[in-house]
Each structure stands twice: as C-alpha cells, then as structure tokens.
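Everything on this sheet refers to the single structure shown next.
The values are calculated or read from the model by the stated rules, or taken from the named source; none is laboratory data. These numbers come from a predicted model, not from an experiment. Cβ sites come from the backbone with ideal geometry, for glycine too, and all protein chains shown count toward neighbours. Note: accessible area is taken over every heavy atom of the protein model, side chains too, but ligands, DNA and RNA are not part of it. Shrake-Rupley method; radii C 1.70, N 1.55, O 1.52, S 1.80 Å.
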Amino acid sequence: MSELQLEAFVDEGLNLTPAYDGSEVTLTLTGSATVYHPESLRSYLQTLHAENKRLGVKRVVVDLRELEFMNSAGFSTFIDWLVTLQEEPETSQYMVCYRSNAEYPWQRRSLHALQCLAVDLVTIES
Amino acid sequence: MGRVHIPDRLLAEFRTRSLERLARIETNWYSVISTREAEIGVEIEREVHTLKGDARLLGFHDVSMLCHKLEDLLRFSRSRGYIIPDTLDLLVAPLVGLLRLLLHKSSRQPMAGVDLVEFSRQVDNALREAYLAQPETQTSDSNEKVSMTASSPALTEVGRVTGRTLGRLARLATRVYLQGLRSEREADRRELRDVWISLARQVRQMRSVALSQVLSRHGGMVRDLSSRLGKQVVLVTDVGDVTVGPTIVPVVEMVASHAISNAVDHGMEPPDMRVARGKAESGTIHLKAMTRDDEFELSISDDGPGVDFEAVRARAVEQGVLRKEAAKDADDATLLELLMLPDFTTRQRATETSGRGVGLDAVRTSVNRHGGRIQLKSTAGEGTSIVVQLPQERQELAVHSFVAGKQRFAVASSWRIARAWAGKPDQVVDPLECLNLLPDNDADETVHEPVQICLERDGQQVAILATSPASPQVAERLCPTAEEHPVEVVLVEQGEAILIRPDRLAVKSNEPQ
C-alpha cells in the first residue's frame with residue numbers, strides 16, 4: 001500500500017492532520033483559524049489533492065467537528081481545492097464528505113454554499 | 001433569438017481579464033473585512049460592476065447574475081461599515097469560486113454539478129437574516145455617495161488617496177484662489193494664484209492612475225498566451241511615471257490587450273523558427289509610454305516577422321477591398337490601413353487567441369472616440385508596432401458663462417435659463433457679495449447696468465446678479481470640487497472663471513469660503 005506523503009499542517013491557529021487507511025483520506029481540522037496568509041494553506045490543500053489523485057482515492061473526509069472558526073481567507077482555500085477538483089476529468093475526481101458541528105453556526109451556511117459548487121462531489125454530515 | 005457569435009479572441013480576453021479581476025476582488029475583500037477601509041470596498045464594487053457589465057455583454061448570464069448577488073452583499077457590507085456576520089463573510093469565497101468555475105468553462109451553457117439556484121437562495125437568505133439582525137445604523141461612511149462611474153473621484157484612488165481627500169484638497173485650492181482675488185497687493189495675488197496652480201496640478205495628478213499599475217497584469221498575460229501557443233515571449237515595459245486620467249484607463253487596457261495578444265499570436269515566430277532566422281530564441285514585446293504636452297503616446301512593438309504585405313494584397317483582392325491593379329500599386333501604409341478594417345484579416349482561420357480582425361478595428365474606433373490616433377508600422381523581418389496617441393483626460397462641463405464686476409463666472413447648464421422670474425428677492429444671489437469679492441473702492445470701476453440671470457432646476461429658481469448676460473460655453477474643470485461645495489475654478493475660453501453652484505452659494509453665503 002502506498003503511503004500518503006503529506007505531513008500535518010500547523011499555522012495561524014489551525015491544525016490539519018491527514019490520515020490514509022488504504023481506501024480513503026481523512027483530514028481532521030482543529031483550532032480557531034484567522035488566516036491572514038492563505039497561500040501556505042492553499043498550497044497544502046493542492047498537495048493533498050495531488051496525493052489523492054496519485055493514490056486513486058475515491059473519498060476524502062474533512063472533519064470540521066473540532067474546528068471552532070475559520071475566516072473567509074482560510075475558507076477560500078477549501079473553495080479553491082474544490083474548484084480544482086471540479087475541473088478535473090471525471091476519472092480523477094473523488095467525493096469529499098464534510099463532517100460538521102451543529103454547535104458552530106458558521107459551518108452550516110458556509111458548507112451548504114460550498115456544496116453548491118459541486119453537488120455531485122460534496123456531501124455534508126452533521 | 002439566435003445567439004450572437006462572439007469571436008474566440010474576445011472570449012479569451014474576457015476570461016483572462018475577468019479571472020484577474022476576480023483575484024483582485026477576493027484579495028481586496030479580505031483586506032476590507034480586516035481594515036474596514038471604505039475606499040477598498042468602493043474599489044471592489046467598481047470591479048464587480050465592470051465584471052457584471054462585461055459578462056452581460058458577452059452572454060455570460062450566470063456570471064452576471066452572481067455578480068448581482070455579490071453587489072447586494074457588498075452594498076450591505078458598506079452600509080454596515082464592513083462589520084458583518086461571519087455567515088455573510090464566508091459566502092464571498094464560494095461566490096468567487098463559482099464565478100471562477102463559470103468563467104473557466106468553455107461553453108456558456110449551465111454547468112453540471114453546480115447548483116446556482118440553491119446558491120442564490122442561500123445568499124438571499126443570509127442577507128435577509130443579516131438585515132434583520134443588523135438594522136441600518138449611521139456609520140462614518142454611510143453618508144458618502146458612491147457612484148459607479150469610472151470617472152468618479154472616489155474610485156480613482158492612487159495608493160491610499162481617496163475621493164474624499166481629493167475633494168478636500170480641491171476645496172482648499174479653491175479657497176486659495178479666491179483669497180488671491182481678494183488680495184489688494186498684486187504680489188500677493190500672483191503668489192496665491194501660483195499656489196493655486198500648483199495645488200490644482202497636484203490634485204489632477206492624484207486623480208490620475210499610474211500607467212505601470214494599469215499595465216501590470218500584461219506580463220502575466222504574455223506568459224500565459226505564449227506558453228499556450230508554445231512560444232517564448234518577454235514583455236519589456238518602459239512607462240516610467242506616466243499617469244492617465246481614469247476615463248482613459250479602459251482605452252489603454254483595450255489597446256494593450258489587443259496589441260499584446262496579436263503580437264504573441266500572429267506577430268511572433270516559434271523559438272525554432274526564430275533561431276533559424278538568426279533571431280534570439282525568445283521574442284520581445286516592448287511597451288513604451290511617454291507624455292508630450294497634453295497627450296500621451298503608447299507604443300507596443302514586437303520583433304516578430306512583420307506584416308506579410310503580399311498576403312495583405314492577395315487578401316484585399318480576394319475580399320474585394322482593392323482591385324488587382326490597385327493592390328499591386330498599394331504602398332505599405334495603405335496596406336497597413338486595411339488591417340484595421342472590420343473583418344479584414346490575412347488569416348484563413350481564426351484562432352482561440354485572436355479572432356477575425358475585429359480587434360484592431362475595435363481598438364481604432366475606441367481610440368478615435370477618445371480623440372486619439374492609432375498608427376500601425378511594420379517592417380518585413382523586423383517586426384510590427386502599434387503607436388497610439390491619446391489626449392490626456394479633460395473634464396469638461398457645459399456652462400452658462402457671464403461676468404459680474406471684473407470677474408468671469410459660470411453656472412452648470414443643468415440650470416436652465418428661466419423665461420420668467422417667479423422667485424422672491426431673497427433668492428437673488430450676488431456672487432461677488434457672497435464670495436466677498438466686492439471691490440473696497442469702486443471709484444475707478446466702470447459702472448455697468450446690472451443684469452439679473454434667472455435660472456431654474458428641479459423646480460427651484462435662483463436669480464444671479466451679473467453685469468453681462470449669460471452665454472453658453474464649455475468649461476474645463478481644472479480642480480473639481482464636490483457638488484456640495486458652492487464654488488470651483490474652471491477654464492472658460494482660455495481664461496479662469498469661478499463656477500458657482502447657485503443653490504449651495506445661497507446656503508453658504510454667510511460662511512467663509
């Protein structure tokens with residue numbers, strides 16, 4: 001089994017921990033992120049996308065249950081990742097499942113809005 | 001109604017420009033949310049407004065619709081001083097993402113997997129909730145009028161200079177000018193007038209936009225296009241500190257975009273061909289600008305193969321533009337003129353980057369409309385250049401001009417000369433008295449029979465005391481003050497005149513100017 005070649009991301013109050021179990025990737029986010037310099041996070045997610053393609057992953061779980069807050073600059077990097085995914089040929093696409101926390105109201109509308117960009121690829125669990 | 005065919009070239013340009021615009025919108029959004037600087041918000045609104053208009057014009061109706069939603073969101077944010085709920089803030093990124101997706105796709109048909117209807121509903125709901133949660137309160141910026149015209153001073157910031165700051169400087173300059181008129185000593189008058197000239201010049205310069213800023217994105221455009229076409233092209237820009245007025249900016253952008261995409265697409269050989277012809281592997285496009293008197297010149301030249309004049313001759317005959325004999329005798333200048341005709345091209349097939357000759361024709365039309373000239377030059381084997389001369393922006397205003405005492409005045413022609421005076425005596429304005437310009441000793445003054453000029457606008461009547469009847473003129477605005485300010489200095493028939501706003505002058509007549 002190939003390994004996921006991606007370290008954890010820690011910056012600007014945000015922690016991202018990736019895990020790969022041989023079939024799906026789980027990305028767990030914790031902290032409260034006010035991102036001022038989204039470039040490194042954007043680059044991290046693009047690397048994750050490349051890894052997902054390399055490994056032929058069909059499902060990625062993004063666990064936001066422990067993420068208290070993320071500002072719009074940080075959130076935009078997830079949008080960019082989704083735009084990249086949406087523009088891939090169908091054979092390179094994978095599903096993304098967001099696990100949200102109903103206690104954090106910011107997640108509800110922003111995730112539903114995000115889902116509108118790729119209704120066939122994004123699911124939300126709460 | 002059938003869909004209007006849009007040349008690939010225009011579509012490609014629209015996409016490139018719009019994606020860059022979106023990047024600026026997004027960056028500025030994060031900035032305005034953290035700094036709450038209203039000018040940045042105004043800049044975003046201008047960009048969105050332009051994107052919406054372009055999209056509608058080219059049939060990208062989904063893009064236009066989303067821009068409309070973004071405008072709603074921006075309007076709310078502005079009215080709340082950019083202190084808004086997270087749920088609204090977090091809608092901007094997906095909105096921009098959606099716009100990006102819609103712009104990327106090759107067809108203008110709706111895109112699979114994207115739910116625009118649901119997204120719009122979410123924006124509407126979020127806004128409705130926000131309006132209910134945050135009823136409108138007066139913020140420091142909510143009184144500021146925001147006009148979505150490109151020439152609005154509020155939208156022409158350079159660095160951090162805002163329309164409000166420019167307005168304040170213009171008012172100060174006008175005060176200096178008036179103080180000069182009031183001075184008894186000739187030396188004081190001369191000195192204050194000199195100060196006014198310097199201030200007015202400074203304000204004009206600050207209203208202008210640095211050409212380097214306008215053209216900054218074209219380096220990326222050259223890189224993208226050349227890489228897509230398998231060419232190596234370098235853009236060398238030499239524009240120094242040349243500035244242009246805000247209304248000229250779109251013309252300059254259009255000229256540069258068309259000329260550069262043409263140069264990369266048609267005017268530059270692939271690397272191996274260049275080497276075989278004894279040229280450097282990489283082609284170079286030189287973009288130069290300079291100012292001369294009241295106009296500026298922009299030249300864009302490439303070191304490609306130059307125009308194939310024989311192909312132009314053959315095409316002119318084929319298209320019936322020239323007869324065979326005339327084509328044979330036509331000189332280079334005549335043949336180059338043909339390249340700026342609508343639908344004339346030496347190419348049999350349009351490419352994705354460059355369309356069917358629409359570009360140069362459209363560029364020439366736009367340049368001419370702004371009082372400029374365009375010239376195409378080409379030398380076989382050495383390259384082609386486009387030279388554009390455009391007059392520097394002049395802000396003109398139709399006025400009624402008249403004299404009171406020794407001073408020339410003007411009133412905007414939005415005030416109509418009234419046929420009959422139905423106002424009250426206290427609505428008669430003496431501009432000399434209001435502006436404290438009455439001479440202390442009028443013993444030497446020639447006595448003129450006073451003339452009452454009656455004006456009306458929006459149901460309001462004002463009469464102005466003058467010593468000459470009003471005549472229609474065109475005034476050049478040298479240092480524009482805001483509509484709320486009672487006066488500004490303009491140029492009428494090469495002489496300075498005081499533009500008065502009668503309604504404001506009547507209100508402010510007791511205040512120091």
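Observations on the structure shown:
- Residues that are at the interface with chain B (Cβ under 8 Å from one of its Cβ atoms) and touching a Lys or Arg at 6+ places or on another chain (Cβ under 7 Å) within region A:59-88 comprise A:80, A:83, listed in sequence order.
- Selection within region B:172-210 - crowded, with 19+ Cβ neighbours inside 10 Å and among the charged types (D, E, K, R): B:204, B:207
- Qualifying residue in region B:12-28 (condition: away from chain A (no Cβ under 12 Å), assigned to a loop (DSSP other than H, G, I, E, B) and touching a residue at least 12 places away in the same chain (Cβ under 8 Å)): no
- Set side by side, the residues B:229, B:178 differ, and just one is over 20 Å from residue B:16 (Cβ atoms) and in contact (Cβ under 8 Å) with a residue 12 or more places away in the chain, which is B:178.
- Residue within region A:38-47 that is facing another protein chain (nearest Cβ under 10 Å) and in contact with a Gly (Cβ under 8 Å, 6 or more places away or on another chain) present: yes
- Residues that are among the hydroxyl-bearing types (Ser, Thr, Tyr) and open to solvent by 20 Å² or more (accessible area, probe 1.4 Å) were ranked within region A:67-99; the one that is farthest from residue A:42 (Cα to Cα) is A:91.
- Screening region B:381-413 for residues that are in contact with a helix residue (DSSP H, G or I) (Cβ under 7 Å, 6 or more places away or on another chain) and either of a type in the set (A, V, I, L, M, F, W, C) or open to solvent by less than 20 Å² (accessible area, probe 1.4 Å) (or both) and picking the one that is nearest to residue B:278 (Cα to Cα) gives B:386.
- All positions within region A:101-122 that are more than 13 Å from every other protein chain (Cβ to nearest Cβ) and not acidic (Asp, Glu): A:101, A:102
- Single condition residue A:31 does not satisfy, out of (1) modelled with pLDDT under 95; (2) open to solvent by 40 Å² or more (accessible area, probe 1.4 Å); (3) more than 13 Å from chain B (Cβ to nearest Cβ); (4) within 25 Å of residue B:85 (Cβ to Cβ): (2)
- Within region B:337-361, the set of residues being in contact with a helix residue (DSSP H, G or I) (Cβ under 8 Å, 6 or more places away or on another chain) and modelled with pLDDT of 70 or more comprises B:338, B:339, B:340, B:341, B:344, B:360.
- The number of residues in region B:94-115 being of a type in the set (A, V, I, L, M), more than 16 Å from residue B:23 (Cβ to Cβ) and at pLDDT 80 or above comes to 1.
- With respect to (1) free of Cβ contacts under 8 Å to residues at least 24 places away in the same chain; (2) over 15 Å from the mean Cα position of the chain (by Cα); (3) within 13 Å of chain B (Cβ to nearest Cβ), the lone exception for residue A:56 is condition (3).
- Residue match in region B:62-79 (condition: open to solvent by less than 30 Å² (accessible area, probe 1.4 Å), modelled with pLDDT of 80 or more and not in a helix (DSSP H, G or I)): no
- Helices (runs of 4 or more DSSP H) wholly inside region B:186-232 containing at least 3 residues that are under 19 Å from the mean Cα position of the chain (by Cα): B:186-207, B:211-214
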